[in-house]
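FYI, it's all coordinate maths here, none of it is from the lab. Everything numeric here is computed off the predicted structure, so don't read it as measured data. All Cβ positions, glycine included, derive from the backbone under ideal geometry; neighbour counts span all protein chains shown.
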Amino acid sequence: MPVYSRREKWEPDEEDIARATRPVDDVVLRALSVVPFILVAAFGVIALVGWVFVIVFGVAAPGNENSEPIWRWVQEQSLADVLTQLALAVGIGLIPLAVMLVAGWATIHGFRSDPHPLFWPLTQLFWGIVAISLVVLDRARQDVIVELGVSRLDWWFAFLMVAAAMILAGVRLRRLRRERQS
């Protein structure tokens, strides 16, 4: 940053000029590249809210009279059952919380103009593993997908979103390498 006082006239230095001449399309690419993280964070929020309603408050599907809030269930159980089920319930609740926090961190970190050099290669590896897992699950265990109630259209939409996330990570990686070389 330039050093100036009230008596001196301010003039931009090289850093100011470089910042002012940065292309605007970089912001669009940065925003598009973090959309998958935002979607994952949204799924984490939905899962966490669902966990609160189903596990804590005992809200269930219509016609299911076996559901009850956790504080009523605890009154009828032994201490060992309560501790085991409470640990399981908290563990299940921590999963969407962790997904939400990690996806939020990745969104913030990925939107930066100069993230850590390993961020985009690891992101591309992560989305690649997810894509391969989706294909393997589709080919090996179609019964599980049908049992979950996921349609073929939903399944392939999810795969295309993961593939797009992997491609965007690759584009960001190439752009950063080009910028670092010049």
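The listed peptides 172-181, 156-165, ordered by packing as a protection proxy, come out as 156-165, 172-181 (highest mean of other Cβ atoms within 10 Å first).
Per 5 Å bin, what percent of the C-alpha pairs of the range 25-111 does each bin hold, from zero upward? Spelled out bin by bin, the range 25-111 gives 3, 14, 17, 16, 14, 11, 8, 7, 5, 3, 2, 1, 0 percent.
With viscosity set to 1.306 mPa s at 10 °C, what whole-number translational diffusion coefficient in µm²/s follows for the chain from Stokes-Einstein and a Kirkwood radius over Cα pairs? In µm²/s, the coefficient is 77. Just to confirm the number: angle between the C-alpha axis of helix 119-140 and the first principal axis of the chain, 0 to 90 degrees, nearest 10? Taking Cα atoms only, the helix is inclined about 30 degrees.
Considering the dipole of the range 114-182 built from charges on the beta carbon (Lys and Arg +1, Asp and Glu -1) around the Cα centre, which of Leu134, Gln181, Ala158 is farthest to its positive end? Checked the options; the winner is Gln181. To the nearest ten degrees, helix 79-111 and the longest principal axis of the Cα atoms of the chain are 20 degrees apart.
Against the main long axis of the alpha-carbon atoms of the chain, helix 25-51 sits at an angle near 20°.
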